[in-house]
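K.L.:
My structure is below; once you've seen it, I'll send some questions.
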Amino acid sequence: MDFNSIMSELKKKTYRPVYFLMGDEPYFIDMISDHIEQHVLDESEKEFNQTVLYGRDVTAADIIGAAKRFPMMSQHQVVIVKEAQDIKDLIKKEKESGKEKTKSVFETYLENPLPSTILVFCYKYKSIDKRTAVAKLIDKTAVLFESKKLYDNQVPDWINNYLKVKGFTINQRAAGLLSEYLGTGLSKITNELDKLIINLPPKAEITPEHIQTNIGISKDYNVFELQTSIGKKEVLKVNRIINYFAANPKDNPMVMTVSSLYGYFCKILTYHFLDDKKGAASALGVHPFFVKDYEAAARNYSVGKLKSIFSYLRDYDLKSKGVDSGSATEGELLKEMVFKILH
């Protein structure tokens, strides 16, 4: 089942006996488990019928023992296992010493789960192999949900949809700025968005100015604008940005700037070799709104020039880490590197 289907069922009070929530993106796992923890039982029922366990402190037998209890004066009992990835004996290997393995207590329970128990596993930052027998058993008798991280190009649209539900809109430049600075971690993104909209009037359109005022990301002096300005060879603007970076090295560490520029120029190189430029957004992993920026940059930077740029990035990445950098500051190294990129 996907996230929306699970949440739709939960809001309709349709519950499954076991939820196995796994994957690299904790946000969706937390949303599902928090809803179950907060809404299945009322406050008077929770004292006797809701149990929260932590994987590092329990065994599979402990969990199944709790799951087999019957609820007291309630239709359901809820057992939530947080940090389930730390349970050492939850998932056994398919075979042991060349022999068919015996069933674990978890598998035995899955074959006949107690209908009155809602058992939730929060198996974060990793996943079990869906081809294994236990995964197939979970998928057959319970809910097996894999929470995957978003790709970089999916984040701006996700931000837009999240804000739309809250009654706000955001322009593409602002969404791109947020995704560039906050990455793909949805918990971090939603935390910043929630703090942002507290200070805005209802139905406002969020702009880079709002982000600068409320989150502290400069709308003019950031790596997102640096990339775009370098791509367009706007020398004056580039120099203003790197001077700002040099004056504020703690907020703009060179190692992060080099990493971002490397990813940016990789996309420009990819654009050069695309047979179908109409599919550029998907191939580059960016929002279609920004394809025109890469098209312009590809005109300004030939494949030959890009090879030189990758060499500069590698050299200055080492220098920023203290290798053959002499007494040069990060700001001085950054100015040298960008000068070579532009000329």
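The values are calculated or read from the model by the stated rules, or taken from the named source; none is laboratory data. These figures come from a predicted structure and were not determined experimentally. With ideal geometry, Cβ positions are generated from the backbone for all residues, glycine too; neighbour counts draw on all protein chains shown.
K.L.:
Check residue 274 against each of (1) exposed (fewer than 14 other Cβ atoms within 10 Å of the Cβ); (2) without any contact (Cβ under 8 Å) to a residue 12 or more places away in the chain; (3) not acidic (Asp, Glu) and name the one condition it does not meet.
P.N.:
Status for residue 274: all satisfied but (1).
K.L.:
Can you tell me which residue is farthest from residue 309 (Cα to Cα) among those in the stretch 319-343 that are outside any loop (DSSP other than H, G, I, E, B) and β-branched (Val, Ile, Thr)?
P.N.:
Among residues in the stretch 319-343 that are outside any loop (DSSP other than H, G, I, E, B) and β-branched (Val, Ile, Thr), the one farthest from residue 309 (Cα to Cα) is 338.
K.L.:
Still on this structure, please answer the following. Could you tell me how many of the residues in the stretch 312-343 are within 22 Å of residue 251 (Cβ to Cβ), of a type in the set (S, T, N, Q) and more than 30 Å from the chain's Cα centre (by Cα)?
P.N.:
2
K.L.:
Please go through the stretch 31-78 and give me each residue that is in contact (Cβ under 8 Å) with a residue 12 or more places away in the chain, farther than 17 Å from residue 110 by Cα and of a type in the set (Gly, Ala, Ser), ordered by number.
P.N.:
Once the filter is applied, which keeps residues that are in contact (Cβ under 8 Å) with a residue 12 or more places away in the chain, farther than 17 Å from residue 110 by Cα and of a type in the set (Gly, Ala, Ser), the stretch 31-78 yields 33, 55, 74.
K.L.:
How many residues does the stretch 320-339 hold that are farther than 18 Å from residue 223 by Cβ and free of Cβ contacts under 8 Å to residues at least 60 places away in the same chain?
P.N.:
The total comes to 7.
K.L.:
Which of the residues belonging to the stretch 208-240 are farther than 30 Å from residue 269 by Cα and surrounded by fewer than 21 Cβ atoms within 10 Å (Cβ to Cβ)?
P.N.:
Within the stretch 208-240, 209, 210, 212, 213, 214, 215, 216 meet the criteria.
K.L.:
On to the next question. With the condition being of a type in the set (Phe, Trp, Tyr) and within 30 Å of residue 323 (Cβ to Cβ), I'd like the helices (runs of 4 or more DSSP H) fully within the stretch 254-312 carrying at least 2 qualifying residues.
P.N.:
254-272
K.L.:
I'd like to check something: does the stretch 198-208 contain any residue that is among the acidic types (Asp, Glu), outside the structural domain of residue 263 (by TED's automatic domain parsing), at pLDDT 90 or above and over 19 Å from the mean Cα position of the chain (by Cα)?
P.N.:
The answer is yes, given that some residue of the stretch 198-208 is among the acidic types (Asp, Glu), outside the structural domain of residue 263 (by TED's automatic domain parsing), at pLDDT 90 or above and over 19 Å from the mean Cα position of the chain (by Cα).
K.L.:
Another one. Looking only at the stretch 138-173, which residues are in contact with an Asp or Glu (Cβ under 6 Å, 6 or more places away or on another chain) and without any contact (Cβ under 8 Å) to a residue 60 or more places away in the chain?
P.N.:
Correct list: 169 only.
K.L.:
Of all the residues that make up the stretch 56-71, how many are within 8 Å of residue 117 (Cα to Cα) and in a helix (DSSP H, G or I)?
P.N.:
Counting residues in the stretch 56-71 that are within 8 Å of residue 117 (Cα to Cα) and in a helix (DSSP H, G or I) gives 1.
K.L.:
Would you be able to say whether some residue in the stretch 197-204 is assigned to a helix (DSSP H, G or I) and surrounded by 15 or more Cβ atoms within 10 Å (Cβ to Cβ)?
P.N.:
Yes.
K.L.:
While we're on this one: Just wondering, is there one or more residues in the stretch 247-256 that are of a type in the set (Val, Ile, Thr) and either surrounded by 19 or more Cβ atoms within 10 Å (Cβ to Cβ) or without any contact (Cβ under 8 Å) to a residue 12 or more places away in the chain (or both)?
P.N.:
no
K.L.:
Taking the options 74, 44, name whichever one is more than 33 Å from the chain's Cα centre (by Cα), among the small types (Gly, Ala, Ser), surrounded by fewer than 19 Cβ atoms within 10 Å (Cβ to Cβ) and not in a helix (DSSP H, G or I).
P.N.:
Just one listed residue meets the conditions, 74.
K.L.:
Taking residue 287 and the conditions (1) closer than 28 Å to residue 318 by Cα; (2) in contact (Cβ under 8 Å) with a residue 60 or more places away in the chain; (3) touching an Asp or Glu at 6+ places or on another chain (Cβ under 8 Å), which numbered condition does it fall short on, given that it satisfies the others?
P.N.:
Unmet condition: (1).
K.L.:
Turning to a different aspect of this structure: Name the residue that is surrounded by the most Cβ atoms within 10 Å (Cβ to Cβ), counting only residues in the stretch 160-196 that are among the small types (Gly, Ala, Ser) and out of contact with any helix residue (DSSP H, G or I) (no Cβ under 7 Å at 6 or more places or on another chain).
P.N.:
So the residue we want is 185.
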